[in-house]
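These notes are about the structure you will find just below.
The values are calculated or read from the model by the stated rules, or taken from the named source; none is laboratory data. These numbers were taken from a predicted model, which means no experiment stands behind them. Cβ placement follows ideal geometry from the backbone for every residue including glycine, while neighbour counts extend to all protein chains displayed. For accessibility, only protein heavy atoms count, side chains too; no ligands or nucleic acids. Shrake-Rupley method; radii C 1.70, N 1.55, O 1.52, S 1.80 Å.
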Amino acid sequence: MTWVLANLEQIWELTVAHILLSIAPILLGFVLAVPIGWFAHRFRVSRGVVLTVCGLLYTIPSLALIVAMPTILGTKILDPLNLIVTLTLYAIALMVRTATDAFDAVSKDVIQSSTAVGFGAWRRFWQVELPLAGPVLLAGLRVVSTSTVSLVTLGALVGMSGLGYLFTNGYQRNFPTEILTGIVGTVLIAVVFDVLLVLIGRMLLPWARVDEAARRGAGSARVKAVAA
Amino acid sequence: MITFDGVSKRFPDGTLAVDNFSITIPSRTTTVFVGSSGSGKTTLLRMINRMVDPTGGAIRIDDEDVSTLEPVALRRRVGYVMQNSGLLPHRTVVDNVATVPLLTGVPKREAREAALQLMDTVGLDRALAERYPSQLSGGQQQRVGVARGLANDPNILLMDEPFGAVDPLVRSELQQELLRIQKELAKTIVFVTHDIDEAFLLGDQVVILSTGGRIAQVGTPEEILAHPADEFVDNFIGAERGRRALSIKNVHGKDVVVDGTGRLAGILRVPSGESSRTV
């Protein structure tokens with residue numbers, strides 16, 4: 001504890017760096033995976049290919065990918081971009097399947113009836129398909145968020161900042177307190193991210209909770225509503 | 001007026017859903033397409049707002065060939081109500097009703113005000129306005145569906161088995177409500193059902209379809225009942241089984257009406273003003 005208090009400033013700096021390194025892959029991964037997932041959902045032919053590629057992508061060892069990035073991207077070895085691009089790829093690999101499932105899960109009846117009342121394809125996507133895929137997308141995003149926050153620690157192995165530094169440094173100095181601090185810090189970031197995502201979800205998808213409650217308590221809710 | 005002129009539909013898998021179908025649907029009345037599954041009735045309905053495009057023939061709305069109209073714009077001016085309501089689960093009741101006006105750019109406040117009035121029209125309590133569809137009963141959802149179909153004040157209302165999934169009591173309530181609304185608004189309604197009783201109740205013109213969109217008979221319910229065109233129609237309307245042949249039986253001084261199968265159909269009530277039972 002004395003060590004933590006004595007190094008609070010450094011720990012905080014590493015935490016901020018960790019957060020910054022996590023946010024970009026999470027957001028980029030989400031934004032890129034959603035259209036790919038929609039594509040895989042919409043066009044059957046592309047589905048097999050897309051999902052297989054994503055599955056394979058995830059099997060590439062992460063450390064190998066980070067190390068190979070400078071050669072692929074032409075970046076400097078210490079460029080944070082290497083880590084960000086790698087983690088974005090993993091985020092996409094994780095998220096595409098969920099995104100595909102999310103769009104698959106949107107009721108065909110609702111899509112058809114929205115077409116029938118005059119939604120064009122573009123508006124139907126933004127105003128019907130995307131919001132209705134929301135709950136499943138959110139579930140996927142939460143997994144991606146947690147996984148990315150933990151993967152950022154790998155950056156320390158290739159000289160990147162972040163709480164992973166406490167692992168490598170603590171290991172070299174044979175100092176468990178430092179390692180433990182890194183673990184607790186990483187978990188805390190992951191939890192805070194997760195709570196934030198859930199809150200954002202509640203704000204953006206207020207109907208989802210109502211829907212679920214109605215499904216769970218179908219019997220009693222319906223009886224009360226039968227007045228018509 | 002909606003005209004089907006030699007309309008055919010062959011689906012990509014080769015099934016011929018509709019074969020050379022022609023009919024005129026008069027304005028401001030209700031026409032019911034009735035048939036069992038596979039009769040092509042839903043396909044016919046969906047061709048009117050171009051959810052399905054025919055592979056032969058033409059459909060005209062007031063002499064305008066629908067194939068020349070832009071589908072999205074066409075759908076916004078034709079009301080559509082489907083089974084299981086097809087409401088947007090992520091929008092409140094009032095926003096669901098206002099869907100089409102919002103799509104066509106009516107300001108939000110105005111669209112919602114109009115939607116609240118429509119809720120009155122279809123007999124929905126305004127207190128339900130801010131609920132989500134999943135919080136409503138099946139009957140209430142169907143009413144929201146009807147209100148949404150009416151929201152842009154369309155001349156044409158297409159109804160695809162709208163009351164098929166609700167229980168009989170609620171269904172009969174909704175049917176009466178539709179009759180009342182139609183009396184008030186006089187839309188051109190095209191209604192699809194597999195229930196012949198519903199067809200006879202709601203239809204000014206009833207179109208009985210057999211497989212492949214073949215017209216077995218067209219007429220008013222009275223005409224069809226009085227002169228079924230063939231055995232198929234006979235069968236379909238239940239005349240053959242005796243369901244339509246009613247007779248009177250006197251039970252303890254009360255006249256009871258029974259059908260040919262012996263099923264109790266009701267009690268005979270002498271219209272007021274007539275004293276004797278000269279039936």
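Summary of computed values
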{"item": "Antiparallel content of DSSP bridges confined to the protein assembly as shown, in %, to 5", "result": "60"}
{"item": "Stokes-Einstein D for segment A:1-227, Kirkwood Rh over Cα pairs, 10 °C, 1.306 mPa s (µm²/s)", "result": "80"}
{"item": "Shielding of B:130-136 by partner chains, average beta-carbon count, 10 Å", "result": "6"}
{"item": "Convex hull projection area averaged over all views, segment B:137-279, Cα basis, nm²", "result": "11.4"}
{"item": "Spherically averaged projected area of segment B:1-82 from its Cα convex hull (nm²)", "result": "5.5"}
{"item": "Chain pair B, A: total accessible area buried, heavy atoms, 1.4 Å probe, Å²", "result": "2400"}
{"item": "Surface/4 of the Cα convex hull for chain B, nm²", "result": "18.0"}
{"item": "Coordinate range along principal axes, alpha carbons of the protein assembly as shown, Å, largest first", "result": "111, 51, 44"}
{"item": "Distance histogram for segment A:41-118 (every C-alpha pair counted, 10 angstrom bins, percent rounded to whole numbers)", "result": "17, 34, 24, 15, 9, 2"}
{"item": "Cα principal axis extents for segment B:37-141, largest first, Å", "result": "48, 35, 23"}
{"item": "Accessible surface, segment A:62-132, averaged per residue in Å² (probe 1.4 Å)", "result": "43"}
{"item": "Number of partner chain Cβ atoms within 10 Å, mean per residue of A:106-114", "result": "5"}
{"item": "Estimated inter-spin distance, residue A:27 and residue A:77, nm [label 7 Å along Cα→Cβ]", "result": "3.1"}
{"item": "For segment B:121-221, the Rg and Dmax computed from alpha carbons only, in angstrom", "result": "14.6, 46"}
{"item": "Fraction of accessible area attributable to carbon and sulfur, the protein assembly as shown (%, probe 1.4 Å)", "result": "60"}
